[in-house]
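To keep things clear, I will list the structure first and then write my remarks on it.
The values are calculated or read from the model by the stated rules, or taken from the named source; none is laboratory data. Quick caveat, the model's predicted, so the values are computed rather than measured. Quick reminder, even Gly has a Cβ in these numbers, built from the backbone with ideal geometry, and neighbours come from all protein chains shown. The accessibility values were calculated without ligands, DNA or RNA, using every heavy atom of the protein model including side chains. Shrake-Rupley method; radii C 1.70, N 1.55, O 1.52, S 1.80 Å.
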Amino acid sequence: MAEEKVDVIIIGSGHSGGMAAKVLTEKGISCLMLNAGPIADVHKDTEVKAAYTLPYRNFKKPGQLAHVFQSDEFNANTWVDEQEVPYTYDQQKPYNWVRVRLFGGRSLFWSRQSFRLSDYEFKAKSHDGYGDDWPISLADLGPFYARVEAIFRVSGHADGLPQYPDGNFVVDDSPWTGCMTRFRDAGKKLGVPVCKARSAMGVDGLASSVNLLLPDAFATGKLRAVPNVVVRELSLDKNTGLVNEVHFVDRLSRREMSVKARVVILAAGTLESTRLLLNSKIANSSGVLGHYLIDQVYGPGISCSIPEARDGKATPGLVGGSGLVPRFRNIETKHPKFLRGYALNVFSNTGGMDPRNFATYGEDLQKKLDSCHGSGFSTGMMGEVLARYENHVRIDPNVVDAWDIPALHIETKYTDNEYDMARDAVETSIALAEGAGFEVLAKNYDPNPPGYSIHELGTCRMGDDPKTSVLNKWNQSHDIKNLLVVDGASFVSGGWQNPTMTILALAMRAADHLGDEMRKGNV
């Protein structure tokens, strides 16, 4: 490969890498995709085993996946082993970094919540004076959102709220259940909107890069993919200052290799892309590479019981269904304790209740569980985390991964803004639930550790000023015009929304522009 030069190298095969590959190959541009993990065949590569046959009886191997709460022994090999690919942090400021190194990346496990950012996010500084505006607006990204929504078949209902932009939906006209109607009515009395959530339907329940993007790219004959290679660094042409070579190691044989390229696109996931740039010591004339790490506050919420549905009285017309309370704080009025806002995921549960919702045990606990079965109702917060320079990642000089690539050190923490927002989210949930006639059984005000949302964003932000940002509005490096970063690293602010639709739209827009610039000979 060292003697070969390709048009575009794409590092990463998830949603952003898959979108870049689809757009570029359909423009006739040849791409080589490098992925750190194997190509998994669910039908061929899985087997059924009883828990008692596993070494740890379906408990995790100690230390292997300390921060991946979604993992167990059945799916442990799905996630990146933290002993093989470690990262470090201050023990007083923990961070959960959840990674997947399969072909298709985390797109294989996406929850499929599909939201657009609004200009309350894109132009947040103009609205409230904090931080920085994005160099683009909803109007700039809107056409690309629409194209992405068509590919992923996003189901939704048009609500006409500026903070919850409507999109190109497969119309969701499903009726509200009785409990959800009561919750909506309680929201109206308090001036809190309760809407339908928006979700990518995909195909056969999957909305990943592997089934919706990469097949189109492969069909052009312009895409080659190499699995099981871990990229070590990028190098520059000393004469032009452009990136010209990607160095990587075979994950299994440990053979060192490299390939030259006209353009390099990073789509490895927010922190892996930034880690690669930091290890390569490039694209950081601004000094902000690695800074402004953000994610979203998850964890706070409440659990309730619907009295009329207890003791076997639940009916399909009364219970079940879900909804979403989009951001409503700091839109027309200013909250005295925090900036920005949050959303609430709302669910009605027709199954069993969590025993932790009851402050009792033994026979009395069992009676309560039996009585409340099928009457559950809960809310969960998704809150914006303010972008702060001091929340950052850097290379740890003392720790390397299994291939001797220096590891990341992550330093971030939540502040009073996030904690005050979390308290308001819970108090609002209680007011809505009690207004709907539900009994609040448990409430949690404490956010999960940063990173828990698996929505890490920022650290390679875009902007118009090369002195304060790493990328321009087209996701190109200010310093190196043939280097692009198209994953969540480019975010300036994160909002409350699941970021996947925005990542896909940005990747589509960046690749569309890159293809035109390559044809003109400008890149």
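Things worth noting here:
- Any hit, segment 224-245, residues being under 30 Å from residue 379 (Cβ atoms) and modelled with pLDDT of 95 or more: no
- Among the residues of segment 349-373, the ones that are farther than 17 Å from residue 312 by Cβ and not in a helix (DSSP H, G or I) come to 5 in all.
- One residue stands out among those in segment 452-465 that are of a type outside the set (D, E, K, R) and touching a strand residue (DSSP E or B) at 6+ places or on another chain (Cβ under 8 Å): the one that is surrounded by the fewest Cβ atoms within 10 Å (Cβ to Cβ), which is 463.
- Within segment 318-333, the set of residues being in contact (Cβ under 8 Å) with a residue 24 or more places away in the chain and either open to solvent by 40 Å² or more (accessible area, probe 1.4 Å) or part of a loop (DSSP other than H, G, I, E, B) (or both) comprises 318, 319, 320, 321, 322, 326, 327, 328, 329, 330, 331.
- Here residue 314 meets the list (1) on the phi < 0 side of the Ramachandran plot; (2) open to solvent by less than 20 Å² (accessible area, probe 1.4 Å); (3) touching a Ser or Thr at 6+ places or on another chain (Cβ under 9 Å); (4) small (Gly, Ala, Ser) almost entirely, failing just condition (2).
- The residue that is most open to solvent (accessible area, probe 1.4 Å), counting only those in segment 59-70 that are within 21 Å of the chain's Cα centre (by Cα) and closer than 23 Å to residue 405 by Cβ, is 66.
- Qualifying residue in segment 260-268 (condition: touching a Cys at 6+ places or on another chain (Cβ under 9 Å), among the small types (Gly, Ala, Ser), closer than 27 Å to residue 457 by Cβ and at pLDDT 95 or above): no
Results for (1) under 22 Å from residue 271 (Cβ atoms); (2) part of a loop (DSSP other than H, G, I, E, B); (3) open to solvent by 20 Å² or more (accessible area, probe 1.4 Å); (4) in contact with a Gly (Cβ under 7 Å, 6 or more places away or on another chain), shown as yes or no for each residue.
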position: 57; (1), (2), (3), (4): no, yes, yes, no
position: 85; (1), (2), (3), (4): yes, yes, no, no
position: 93; (1), (2), (3), (4): yes, yes, yes, no
position: 102; (1), (2), (3), (4): yes, yes, yes, yes
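- Within segment 99-107, the presence of a residue that is without any contact (Cβ under 8 Å) to a residue 24 or more places away in the chain and closer than 30 Å to residue 303 by Cβ is excluded.
- Total residues in segment 71-83, condition closer than 26 Å to residue 403 by Cβ and open to solvent by 70 Å² or more (accessible area, probe 1.4 Å): 2
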